[in-house]
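Quick one: this structure, given as C-alpha coordinates, is what I'll be asking you about.
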Amino acid sequence: LEAVLEDGAVSAHAVSANPPLAGLSAVEVMDAVVESLGRRGLMVVLDEHTGKADWCCDVRDGDGLWYSEAYSEAQWIAALARLAQRYQSNPMVVGIELRNEIRPVVVPSSEGGGGGRVVMPTWGDGNLATDWAAAATRAGNAVLAANPKLLVVVGGLDFGLDLRGVRDHPVTLDMPGKLVYSAHHYLWSCPACLGDKKKLWEYLDEHWGFVAKEGVAPVWLSEFGTPHTPDGYASSQQPAAPRAAAGAESASQGGDAGASAPPHAAATAAGGGSEEGGEEERHWQDARQQEYSSQQAQWWNWMVDYLRSEHPGLSFAYWPLDGTQSSGRTRERGAEETYGLLNANWDAPYSRGHLAQVTALIAEPHVRPSLSSASPGAATQEAASRAGATQVGATIGTRGMGEL
(Lines give C-alpha, C1' and ligand atoms only; values in the text may rest on other atoms or scores of the structure.)
Protein backbone atom coordinates (compact mmCIF):
# COMPACT_ATOMS: atom_id res chain seq x y z
CA LEU A 1 0.00 0.00 0.00
CA GLU A 2 2.81 2.39 0.84
CA ALA A 3 4.17 2.15 -2.71
CA VAL A 4 0.81 2.99 -4.31
CA LEU A 5 -0.58 5.52 -1.85
CA GLU A 6 2.63 7.43 -1.15
CA ASP A 7 4.48 6.66 -4.40
CA GLY A 8 7.83 7.88 -3.15
CA ALA A 9 11.05 7.90 -5.15
CA VAL A 10 12.80 4.53 -5.23
CA SER A 11 16.34 4.61 -3.84
CA ALA A 12 19.09 4.28 -6.43
CA HIS A 13 20.61 1.16 -4.83
CA ALA A 14 17.30 -0.70 -5.22
CA VAL A 15 17.46 -0.37 -9.02
CA SER A 16 21.24 -0.51 -9.43
CA ALA A 17 20.98 -3.24 -12.06
CA ASN A 18 18.66 -1.04 -14.12
CA PRO A 19 20.12 2.50 -14.27
CA PRO A 20 17.27 3.87 -16.46
CA LEU A 21 14.91 3.34 -13.52
CA ALA A 22 16.90 5.62 -11.20
CA GLY A 23 14.87 8.60 -10.05
CA LEU A 24 11.49 7.04 -10.82
CA SER A 25 8.72 6.70 -8.27
CA ALA A 26 7.56 3.35 -6.89
CA VAL A 27 4.56 3.12 -9.21
CA GLU A 28 6.64 4.19 -12.21
CA VAL A 29 9.08 1.36 -11.47
CA MET A 30 6.10 -0.99 -11.20
CA ASP A 31 4.93 0.24 -14.61
CA ALA A 32 8.35 -0.53 -16.09
CA VAL A 33 8.42 -4.04 -14.60
CA VAL A 34 4.89 -4.84 -15.80
CA GLU A 35 5.65 -3.52 -19.28
CA SER A 36 8.92 -5.47 -19.52
CA LEU A 37 7.27 -8.71 -18.40
CA GLY A 38 4.46 -8.19 -20.90
CA ARG A 39 6.88 -7.64 -23.77
CA ARG A 40 8.41 -11.02 -22.96
CA GLY A 41 5.02 -12.74 -23.01
CA LEU A 42 4.70 -13.06 -19.23
CA MET A 43 1.28 -12.34 -17.77
CA VAL A 44 1.14 -10.52 -14.44
CA VAL A 45 -0.92 -11.11 -11.30
CA LEU A 46 -0.53 -8.08 -9.04
CA ASP A 47 -0.29 -8.75 -5.30
CA GLU A 48 -1.08 -6.41 -2.41
CA HIS A 49 1.63 -7.89 -0.25
CA THR A 50 1.93 -5.59 2.77
CA GLY A 51 0.83 -2.21 4.05
CA LYS A 52 4.22 -0.75 4.89
CA ALA A 53 7.02 -1.57 2.46
CA ASP A 54 8.99 -4.25 4.29
CA TRP A 55 9.73 -7.96 4.49
CA CYS A 56 6.72 -10.11 5.33
CA CYS A 57 5.39 -11.76 7.56
CA ASP A 58 4.84 -12.38 11.28
CA VAL A 59 2.13 -11.77 13.87
CA ARG A 60 3.91 -8.79 15.43
CA ASP A 61 4.49 -6.71 12.30
CA GLY A 62 1.09 -5.01 12.61
CA ASP A 63 0.22 -5.93 9.02
CA GLY A 64 -1.67 -9.20 9.38
CA LEU A 65 -5.12 -7.89 8.50
CA TRP A 66 -6.20 -5.92 5.43
CA TYR A 67 -6.04 -2.69 7.44
CA SER A 68 -3.65 -1.43 10.12
CA GLU A 69 -2.80 1.61 12.22
CA ALA A 70 -1.02 3.01 9.17
CA TYR A 71 -3.69 2.35 6.49
CA SER A 72 -7.46 2.04 6.73
CA GLU A 73 -9.72 -0.37 4.87
CA ALA A 74 -10.87 2.53 2.67
CA GLN A 75 -7.25 3.26 1.69
CA TRP A 76 -6.63 -0.43 0.96
CA ILE A 77 -9.63 -0.63 -1.34
CA ALA A 78 -8.74 2.67 -3.01
CA ALA A 79 -5.20 1.45 -3.75
CA LEU A 80 -6.47 -1.80 -5.26
CA ALA A 81 -8.98 0.03 -7.45
CA ARG A 82 -6.30 2.51 -8.52
CA LEU A 83 -4.00 -0.26 -9.73
CA ALA A 84 -6.87 -2.08 -11.43
CA GLN A 85 -7.75 1.09 -13.32
CA ARG A 86 -4.11 1.88 -14.10
CA TYR A 87 -3.56 -1.37 -16.00
CA GLN A 88 -7.01 -1.60 -17.58
CA SER A 89 -5.61 -1.26 -21.10
CA ASN A 90 -2.79 -3.79 -20.54
CA PRO A 91 -4.02 -7.27 -21.55
CA MET A 92 -0.99 -8.89 -19.88
CA VAL A 93 -2.18 -7.83 -16.40
CA VAL A 94 -4.69 -10.60 -15.74
CA GLY A 95 -5.40 -10.53 -12.01
CA ILE A 96 -4.83 -9.04 -8.59
CA GLU A 97 -4.45 -10.81 -5.23
CA LEU A 98 -6.23 -8.67 -2.67
CA ARG A 99 -3.89 -9.28 0.28
CA ASN A 100 -1.01 -11.58 1.16
CA GLU A 101 -1.15 -13.99 4.10
CA ILE A 102 -3.98 -12.81 6.33
CA ARG A 103 -2.94 -13.81 9.87
CA PRO A 104 -3.34 -13.01 13.58
CA VAL A 105 -2.13 -9.61 14.76
CA VAL A 106 -0.58 -8.92 18.15
CA VAL A 107 -1.63 -5.47 19.33
CA PRO A 108 1.08 -4.32 21.76
CA SER A 109 0.07 -3.59 25.33
CA SER A 110 -0.22 0.09 26.23
CA GLU A 111 1.99 -0.72 29.21
CA GLY A 112 4.84 -1.86 26.96
CA GLY A 113 6.81 -5.05 27.37
CA GLY A 114 6.30 -8.22 25.37
CA GLY A 115 2.58 -8.69 26.00
CA GLY A 116 -0.40 -7.63 23.95
CA ARG A 117 -3.85 -8.47 22.68
CA VAL A 118 -4.22 -10.93 19.80
CA VAL A 119 -6.74 -10.14 17.05
CA MET A 120 -7.74 -13.27 15.13
CA PRO A 121 -9.06 -12.90 11.57
CA THR A 122 -12.29 -14.76 10.86
CA TRP A 123 -14.17 -16.04 7.82
CA GLY A 124 -17.87 -15.45 7.33
CA ASP A 125 -18.95 -14.39 10.83
CA GLY A 126 -19.98 -10.85 9.82
CA ASN A 127 -17.56 -9.09 12.19
CA LEU A 128 -16.51 -5.93 10.32
CA ALA A 129 -13.16 -5.84 12.13
CA THR A 130 -12.12 -9.44 11.47
CA ASP A 131 -14.24 -11.06 8.71
CA TRP A 132 -11.77 -11.49 5.86
CA ALA A 133 -14.29 -13.08 3.48
CA ALA A 134 -16.57 -10.05 3.80
CA ALA A 135 -13.68 -7.60 3.35
CA ALA A 136 -12.44 -9.52 0.30
CA THR A 137 -15.93 -9.31 -1.18
CA ARG A 138 -16.02 -5.53 -0.74
CA ALA A 139 -12.55 -5.09 -2.20
CA GLY A 140 -13.09 -7.58 -5.03
CA ASN A 141 -16.23 -5.77 -6.18
CA ALA A 142 -14.35 -2.45 -6.14
CA VAL A 143 -11.56 -3.95 -8.27
CA LEU A 144 -14.03 -5.30 -10.81
CA ALA A 145 -15.87 -1.97 -10.96
CA ALA A 146 -12.55 -0.38 -11.92
CA ASN A 147 -11.43 -3.16 -14.28
CA PRO A 148 -13.94 -5.93 -15.06
CA LYS A 149 -11.35 -7.91 -17.06
CA LEU A 150 -9.28 -8.90 -14.01
CA LEU A 151 -9.36 -12.09 -12.00
CA VAL A 152 -9.78 -11.44 -8.26
CA VAL A 153 -7.55 -13.66 -6.11
CA VAL A 154 -8.51 -14.29 -2.46
CA GLY A 155 -6.14 -16.07 -0.08
CA GLY A 156 -6.97 -18.04 3.04
CA LEU A 157 -6.52 -17.42 6.75
CA ASP A 158 -3.51 -18.42 8.88
CA PHE A 159 -0.76 -17.09 6.61
CA GLY A 160 -2.65 -18.17 3.49
CA LEU A 161 -2.85 -21.84 4.54
CA ASP A 162 -6.52 -22.18 5.39
CA LEU A 163 -9.49 -22.01 3.02
CA ARG A 164 -11.78 -24.21 5.11
CA GLY A 165 -14.23 -21.33 5.57
CA VAL A 166 -15.04 -21.48 1.86
CA ARG A 167 -17.12 -24.62 2.43
CA ASP A 168 -19.80 -22.77 4.41
CA HIS A 169 -19.13 -19.16 3.41
CA PRO A 170 -17.80 -18.89 -0.16
CA VAL A 171 -16.90 -15.44 -1.44
CA THR A 172 -19.53 -14.24 -3.90
CA LEU A 173 -18.62 -11.31 -6.14
CA ASP A 174 -21.06 -9.14 -8.09
CA MET A 175 -19.51 -10.34 -11.35
CA PRO A 176 -19.53 -14.14 -11.77
CA GLY A 177 -16.57 -16.07 -13.11
CA LYS A 178 -13.90 -13.75 -11.72
CA LEU A 179 -12.96 -15.39 -8.40
CA VAL A 180 -9.82 -17.46 -7.81
CA TYR A 181 -8.79 -18.70 -4.36
CA SER A 182 -5.11 -18.88 -3.46
CA ALA A 183 -3.20 -21.09 -1.03
CA HIS A 184 0.33 -21.25 0.40
CA HIS A 185 2.23 -24.24 1.74
CA TYR A 186 5.76 -24.95 3.00
CA LEU A 187 7.43 -27.65 5.10
CA TRP A 188 6.71 -25.78 8.35
CA SER A 189 3.04 -25.17 7.48
CA CYS A 190 2.03 -28.46 9.13
CA PRO A 191 4.52 -29.66 11.78
CA ALA A 192 2.24 -32.61 12.57
CA CYS A 193 2.61 -33.80 8.96
CA LEU A 194 6.39 -34.24 9.08
CA GLY A 195 7.33 -37.76 8.05
CA ASP A 196 3.74 -38.75 7.26
CA LYS A 197 2.71 -38.52 3.61
CA LYS A 198 -0.87 -39.60 4.26
CA LYS A 199 -1.33 -36.94 6.92
CA LEU A 200 0.18 -34.27 4.65
CA TRP A 201 -2.15 -35.09 1.78
CA GLU A 202 -5.16 -35.17 4.12
CA TYR A 203 -4.13 -31.75 5.51
CA LEU A 204 -3.82 -30.27 2.02
CA ASP A 205 -7.20 -31.68 0.97
CA GLU A 206 -8.89 -30.39 4.11
CA HIS A 207 -7.37 -26.90 4.06
CA TRP A 208 -7.65 -26.00 0.37
CA GLY A 209 -7.54 -28.97 -1.99
CA PHE A 210 -11.28 -29.59 -1.63
CA VAL A 211 -12.05 -26.21 -3.22
CA ALA A 212 -10.55 -27.37 -6.52
CA LYS A 213 -11.54 -31.05 -6.24
CA GLU A 214 -15.21 -30.29 -5.56
CA GLY A 215 -15.42 -27.66 -8.28
CA VAL A 216 -16.17 -24.79 -5.92
CA ALA A 217 -13.76 -22.46 -7.74
CA PRO A 218 -10.25 -22.52 -9.23
CA VAL A 219 -7.35 -22.56 -6.77
CA TRP A 220 -3.95 -20.99 -7.38
CA LEU A 221 -1.11 -22.32 -5.21
CA SER A 222 0.50 -18.89 -5.09
CA GLU A 223 3.44 -19.80 -2.81
CA PHE A 224 5.42 -22.96 -2.20
CA GLY A 225 9.12 -23.79 -2.43
CA THR A 226 12.11 -25.46 -0.83
CA PRO A 227 15.64 -24.29 0.07
CA HIS A 228 18.88 -25.23 -1.64
CA THR A 229 21.22 -26.50 0.98
CA PRO A 230 22.01 -28.75 2.71
CA ASP A 231 19.72 -29.87 -0.01
CA GLY A 232 16.05 -29.53 0.38
CA TYR A 233 16.01 -30.97 -3.13
CA ALA A 234 16.25 -34.66 -3.92
CA SER A 235 19.84 -35.77 -3.27
CA SER A 236 20.43 -36.56 -6.94
CA GLN A 237 19.81 -32.96 -8.00
CA GLN A 238 23.08 -31.08 -8.09
CA PRO A 239 23.44 -27.28 -8.21
CA ALA A 240 24.17 -25.82 -11.62
CA ALA A 241 27.34 -23.79 -12.17
CA PRO A 242 28.09 -20.96 -11.70
CA ARG A 243 27.33 -20.74 -8.00
CA ALA A 244 27.09 -17.67 -5.80
CA ALA A 245 28.87 -14.47 -6.75
CA ALA A 246 32.03 -13.62 -4.85
CA GLY A 247 31.20 -12.39 -1.38
CA ALA A 248 27.67 -13.83 -1.31
CA GLU A 249 26.72 -16.10 1.56
CA SER A 250 26.89 -19.80 0.90
CA ALA A 251 23.58 -21.60 1.37
CA SER A 252 25.46 -24.33 3.20
CA GLN A 253 26.34 -21.75 5.85
CA GLY A 254 22.71 -21.07 6.58
CA GLY A 255 22.18 -17.68 4.97
CA ASP A 256 19.73 -15.35 6.66
CA ALA A 257 18.52 -16.84 9.92
CA GLY A 258 15.35 -14.81 9.80
CA ALA A 259 14.08 -16.12 6.50
CA SER A 260 16.15 -18.65 4.63
CA ALA A 261 17.81 -20.72 7.35
CA PRO A 262 16.12 -23.96 8.42
CA PRO A 263 13.86 -23.61 11.49
CA HIS A 264 15.88 -26.29 13.28
CA ALA A 265 19.15 -24.37 12.87
CA ALA A 266 20.13 -22.74 16.16
CA ALA A 267 22.91 -20.32 16.99
CA THR A 268 25.81 -21.71 19.00
CA ALA A 269 25.33 -20.85 22.67
CA ALA A 270 27.34 -17.87 23.85
CA GLY A 271 29.74 -18.09 26.77
CA GLY A 272 32.55 -20.27 25.54
CA GLY A 273 33.07 -23.63 27.25
CA SER A 274 35.50 -26.44 26.76
CA GLU A 275 36.80 -27.50 23.37
CA GLU A 276 35.10 -30.84 23.94
CA GLY A 277 31.80 -29.06 24.63
CA GLY A 278 32.17 -27.02 21.47
CA GLU A 279 32.75 -30.19 19.45
CA GLU A 280 29.62 -31.76 20.94
CA GLU A 281 27.66 -28.64 20.03
CA ARG A 282 28.89 -28.83 16.42
CA HIS A 283 27.91 -32.51 16.19
CA TRP A 284 24.44 -31.66 17.56
CA GLN A 285 24.08 -28.84 15.03
CA ASP A 286 25.16 -31.13 12.18
CA ALA A 287 22.66 -33.78 13.26
CA ARG A 288 19.77 -31.30 13.42
CA GLN A 289 20.76 -29.85 10.04
CA GLN A 290 20.79 -33.31 8.46
CA GLU A 291 17.41 -34.08 10.03
CA TYR A 292 15.94 -30.88 8.59
CA SER A 293 17.49 -31.62 5.20
CA SER A 294 15.94 -35.06 5.07
CA GLN A 295 12.52 -33.72 6.10
CA GLN A 296 12.70 -30.89 3.57
CA ALA A 297 13.56 -33.18 0.65
CA GLN A 298 10.87 -35.64 1.72
CA TRP A 299 8.25 -32.89 2.01
CA TRP A 300 9.14 -31.47 -1.41
CA ASN A 301 8.83 -34.82 -3.16
CA TRP A 302 5.51 -35.54 -1.43
CA MET A 303 4.24 -32.08 -2.34
CA VAL A 304 5.13 -32.60 -6.00
CA ASP A 305 3.47 -36.03 -5.90
CA TYR A 306 0.32 -34.46 -4.44
CA LEU A 307 0.09 -31.83 -7.16
CA ARG A 308 0.67 -34.32 -9.95
CA SER A 309 -1.66 -36.97 -8.57
CA GLU A 310 -4.46 -34.93 -7.01
CA HIS A 311 -4.36 -31.64 -8.94
CA PRO A 312 -2.84 -32.10 -12.41
CA GLY A 313 -2.62 -28.77 -14.18
CA LEU A 314 -3.21 -26.72 -11.02
CA SER A 315 -1.94 -23.14 -11.44
CA PHE A 316 0.95 -22.30 -9.15
CA ALA A 317 3.66 -19.78 -8.35
CA TYR A 318 7.00 -21.00 -6.99
CA TRP A 319 8.52 -18.83 -4.26
CA PRO A 320 10.82 -17.23 -5.28
CA LEU A 321 12.62 -16.71 -8.57
CA ASP A 322 15.18 -14.35 -7.02
CA GLY A 323 18.81 -15.39 -6.68
CA THR A 324 19.56 -12.85 -3.94
CA GLN A 325 17.68 -11.31 -1.04
CA SER A 326 15.97 -7.93 -1.16
CA SER A 327 16.04 -5.34 1.62
CA GLY A 328 13.91 -5.48 4.76
CA ARG A 329 13.92 -6.66 8.34
CA THR A 330 15.59 -10.06 8.80
CA ARG A 331 17.03 -9.71 5.28
CA GLU A 332 20.54 -8.96 4.05
CA ARG A 333 20.34 -7.26 0.69
CA GLY A 334 22.49 -9.07 -1.88
CA ALA A 335 22.92 -12.24 0.22
CA GLU A 336 22.02 -15.49 -1.48
CA GLU A 337 18.30 -16.25 -1.44
CA THR A 338 18.47 -19.87 -0.41
CA TYR A 339 14.95 -20.59 -1.68
CA GLY A 340 15.54 -18.93 -5.08
CA LEU A 341 15.24 -20.76 -8.39
CA LEU A 342 18.12 -18.69 -9.76
CA ASN A 343 21.71 -18.71 -8.57
CA ALA A 344 23.17 -15.67 -6.83
CA ASN A 345 24.49 -14.34 -10.15
CA TRP A 346 20.94 -14.40 -11.58
CA ASP A 347 22.33 -15.97 -14.76
CA ALA A 348 21.38 -19.67 -14.41
CA PRO A 349 19.16 -21.94 -12.33
CA TYR A 350 20.60 -22.87 -8.96
CA SER A 351 19.72 -26.49 -9.75
CA ARG A 352 18.72 -27.64 -13.21
CA GLY A 353 17.35 -30.85 -11.76
CA HIS A 354 15.11 -28.97 -9.35
CA LEU A 355 13.94 -26.59 -12.08
CA ALA A 356 13.05 -29.62 -14.20
CA GLN A 357 10.80 -30.86 -11.39
CA VAL A 358 9.05 -27.50 -11.23
CA THR A 359 8.61 -27.12 -14.98
CA ALA A 360 7.31 -30.70 -15.23
CA LEU A 361 4.29 -29.53 -13.24
CA ILE A 362 3.56 -27.00 -15.97
CA ALA A 363 3.42 -29.76 -18.56
CA GLU A 364 0.75 -31.70 -16.65
CA PRO A 365 -2.57 -31.83 -18.53
CA HIS A 366 -5.01 -29.14 -17.43
CA VAL A 367 -8.05 -30.82 -15.88
CA ARG A 368 -11.07 -28.62 -15.27
CA PRO A 369 -13.49 -29.46 -12.46
CA SER A 370 -16.91 -30.78 -13.38
CA LEU A 371 -18.82 -27.51 -13.47
CA SER A 372 -21.87 -26.54 -15.44
CA SER A 373 -21.49 -23.69 -17.88
CA ALA A 374 -23.76 -21.63 -15.62
CA SER A 375 -21.47 -22.05 -12.61
CA PRO A 376 -19.38 -18.97 -11.66
CA GLY A 377 -16.33 -21.21 -11.30
CA ALA A 378 -16.51 -22.46 -14.87
CA ALA A 379 -15.95 -19.05 -16.39
CA THR A 380 -13.14 -18.37 -13.94
CA GLN A 381 -11.48 -21.67 -14.80
CA GLU A 382 -11.58 -20.72 -18.46
CA ALA A 383 -10.11 -17.30 -17.70
CA ALA A 384 -7.42 -18.79 -15.50
CA SER A 385 -6.54 -21.31 -18.19
CA ARG A 386 -6.33 -18.54 -20.77
CA ALA A 387 -4.11 -16.53 -18.43
CA GLY A 388 -1.60 -19.38 -18.32
CA ALA A 389 -1.18 -22.49 -16.24
CA THR A 390 1.69 -21.18 -14.17
CA GLN A 391 2.94 -17.90 -12.79
CA VAL A 392 6.46 -17.58 -11.39
CA GLY A 393 7.03 -14.50 -9.28
CA ALA A 394 10.00 -12.20 -9.68
CA THR A 395 11.16 -9.09 -7.88
CA ILE A 396 13.50 -6.32 -8.93
CA GLY A 397 16.62 -5.89 -6.82
CA THR A 398 20.37 -6.23 -7.20
CA ARG A 399 19.69 -8.03 -10.45
CA GLY A 400 16.78 -6.78 -12.43
CA MET A 401 14.21 -7.12 -15.12
CA GLY A 402 16.55 -6.12 -17.94
CA GLU A 403 18.59 -9.23 -17.24
CA LEU A 404 15.74 -11.72 -16.86
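If amide hydrogens are placed 1.01 Å from N in the peptide plane, which non-local residues have theirs closer than 5 Å to the one on residue 222?
183, 317
Moving on. Excluding residues on the same chain fewer than 8 positions from residue 198, give the lysines whose Cα lies under 28 Å from its Cα.
Cα-Cα hits under 28 Å: 213.
With just the Cα atoms defining each centre, how far is the range 341-356 from the range 24-90? Give it in Å.
Centre-to-centre (Cα) distance: 27 Å.
If the chain between residue 145 and residue 294 were fully stretched, how many nm would it gain, using 0.36 nm times the residue separation less the Cα-Cα distance?
Working: separation 149, 0.36 × 149 = 53.64 nm, distance 4.86 nm.
Residue separation times 0.36 nm, minus the Cα-Cα distance, leaves 48.8 nm.
Would you please put 32-38, 7-13 in order of how densely packed they are, using the mean number of other Cβ atoms within 10 angstrom per residue and starting with the highest?
The peptides rank, most packed first, as 32-38, 7-13.
Using a 1.4 angstrom probe, figure out how much accessible area the range 1-75 has per residue, in square angstrom, rounded to the nearest whole.
Per-residue value: 50 Å².
Let me ask something additional. What number, in nm² with one decimal, is the all-direction average of the projected area of the convex hull of the alpha-carbon atoms of the range 1-78?
6.1
Something else: Note down the nm distance, to one decimal, between modelled labels 7 Å out along Cα→Cβ at residue 73 and at residue 205.
Result: 3.6 nm between the two label points.
Using a cut-off of 10 Å between beta-carbons, work out the net charge of the residues near residue 144 (Lys and Arg +1, Asp and Glu -1, residue 144 not included).
With Lys, Arg at +1 and Asp, Glu at -1, the net is +1.
While we're on this one: Which far-off residues, 5 or more places away or on another chain, put their amide H under 5 Å from the one on residue 155, with H placed in the peptide plane?
HN-HN under 5 Å from residue 155: 98, 99, 182.
Something else: Could you please state how large a percent of the accessible area of the range 132-195 is carbon and sulfur, counting protein chains only and using a 1.4 Å probe?
Values: 1330 of 2250 Å².
Carbon plus sulfur share of accessible area: 59 percent.
Along the range 86-100, what does the Karplus equation 6.51 cos²θ - 1.76 cosθ + 1.60 (θ = phi - 60°) give for ³J(HN,Hα), rounded to whole Hz, x for Gly and Pro?
Computed from phi, the couplings for the range 86-100 are 4, 9, 4, 8, 9, x, 7, 8, 10, x, 8, 8, 5, 6, 8 Hz.
Here's something else I'd like to know. Excluding residues fewer than 8 places away in the same chain, name every one of the lysines whose C-alpha is closer than 19 Å to that of residue 149.
List returned: 178.
Note down the nm distance, to one decimal, between modelled labels 7 Å out along Cα→Cβ at residue 22 and at residue 89.
So the label points at residue 22 and residue 89 sit 3.1 nm apart.
What are the ³J(HN,Hα) couplings of the range 312-323, residue after residue, when phi is run through the Karplus curve with 6.51, -1.76, 1.60 and θ = phi - 60°? Round to Hz, x for glycine and proline.
x, x, 4, 5, 8, 10, 7, 10, x, 6, 3, x
With every protein chain present, what accessible area does residue 316 have (1.4 Å probe, heavy atoms only), rounded to the nearest 10 Å²?
For residue 316, the solvent-accessible surface is approximately 0 Å².
Okay, moving on. Express the accessible area of the range 130-197 per residue in Å², computed with a 1.4 Å probe while the remaining protein chains stay in the model.
Working: 2400 Å² over 68 residues.
Result: 35 Å² of accessible area for each residue.
The values are calculated or read from the model by the stated rules, or taken from the named source; none is laboratory data. Quantities reported herein were computed from a predicted structural model and do not represent experimental measurements. Positions of Cβ are backbone-derived with ideal geometry, glycine not excepted, and every protein chain shown enters the neighbour counts. Calculation scope for accessible area: heavy atoms of the full protein, side chains included, ligands and nucleic acids excluded. Shrake-Rupley method; radii C 1.70, N 1.55, O 1.52, S 1.80 Å.
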